[in-house]
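Structure first, then comments.
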Amino acid sequence: MTRHLVLVALWVVGCGNPSDTPVPPDPTVINVFELSDSRAFPDGIALAPDGRTFYVGGALDGTIYRGFIDSVAVRPLIGSSGPAGGLVVTADSLLAAAGATTGRIIVHDLRRPGIVRQVVETATSAANLRAVALGPDGAIYATDAKRDSIYMLYQPSLPGSGLGAIPLDGKVPYSRTAGAQNLTGLVAVDGGRWLIAVHHDSGKLFRIDPAAAAVEEISVAGPVSMVGADGLMFDRGTLYVAIGRTNQLVPVTLSDDFLSGTVGNAITDTRFRYPTNAVRTAIGFLVVNSQRDVLTGHAPLDLPFTVRRIPLPPRPATRHD
């Protein structure tokens, strides 16, 4: 049964379509993008439809930063609006941010920075919205690391459109234990027919049919554990799982039905600093260095905060886009 959620006020983003051809080594290509704010603690990232502009969200206060793939500096664009997790951009220049422990999805109008189009809130205070994904009909989906639901904002461009929930009761591992994290990363695949979510504490992947609220675990074979998974990125038939605690981006090549996958060699980089999310661009993958472990006292702060470029890996032999 759909759970009703409370509409609070007003505020989203989309995907570009960069070329499939990897960029050859070029000394003019930027490898490290720098955030100017010493308290940024970035988390989510999204690419604008122009393929050049990208946005990064601050985990602590929700500041939205804007960068360009041909410029080192990533600067504040929209001020504090509460914690921000994953981001997604729509074709009509809305940016949606998962509101983490606020339990909100916040939709910004990128054509008028500072204008909040919509703020929708879950009916419970015990929420931690971690990631957002864009459906084929323009709906925005969000994971909740504290509850067993996927939330859906039906019409992000229409204030007052409402927020619904897809119940996953008993279909995914779920724990209410203090400190436990459930579903975190989320992506839409196959034109939005399916959602793929990752369970943080077990590392398991799930294929979700949002129309039918049907959930199946994805059978994964490979040597790398995905326990502690954060964000997900899907590119050319391969799912990439960001695992901050091990400083890795783990590739999982998926089957045509998205029900099985093979884990490849983890992508690592000496300049990774607790990566949480990534996005594909024409110059490579941009990986967010969140430094979230600084907040828990497990690492020293390393300024400036950065987004790291890594080259595009070879295109896998698959039919998926």
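Using the Cβ-Cβ distance between Glu216 and Thr28 with R0 set to 51 Å, the FRET efficiency from 1/(1 + (r/R0)^6) comes to roughly 0.65.
Using the Karplus relation 6.51 cos²θ - 1.76 cosθ + 1.60 with θ = phi - 60°, the per-residue 3J(HN,Hα) values for the stretch 105-116 come to 10, 10, 10, 9, 9, 6, 6, 9, x, x, 8, 8 Hz, with x marking Gly and Pro. Positive end of the dipole of the chain (Cβ unit charges, origin at the Cα centre): among Pro210, Leu312, Ala127, the Cα lying farthest that way belongs to Ala127.
Note the listed values (1) 23.1; (2) 18.1; (3) 14.7, then indicate which one is mean projected area of the Cα convex hull in nm² calculated from this particular structure. Label of the calculated value: (3).
Residue by residue, the stretch 259-272 carries 3J(HN,Hα) couplings of 10, 8, x, 10, 7, x, 5, 5, 8, 10, 7, 5, 9, 6 Hz when phi is fed to the Karplus relation 6.51 cos²θ - 1.76 cosθ + 1.60 (θ = phi - 60°); x denotes Gly or Pro.
Nothing charged except the Cβ atoms of Lys and Arg (+1) and of Asp and Glu (-1): what's the magnitude of the dipole of the chain about its Cα centre? Round to the nearest 20 debye.
About 400 debye.
About the Cα centre, and with charges only on the beta carbon of Lys, Arg (+1) and Asp, Glu (-1), how big is the dipole of the stretch 34-180? Nearest 20 debye, please. Roughly 180 debye, rounded to the nearest 20.
Throughout, read-outs are computed from the coordinates displayed, never taken from laboratory work. Owing to the predicted nature of the structure, the values given are computational and were not obtained by experimental measurement. So basically every Cβ, Gly included, is an ideal-geometry build from the backbone, and we count neighbours across all protein chains shown.
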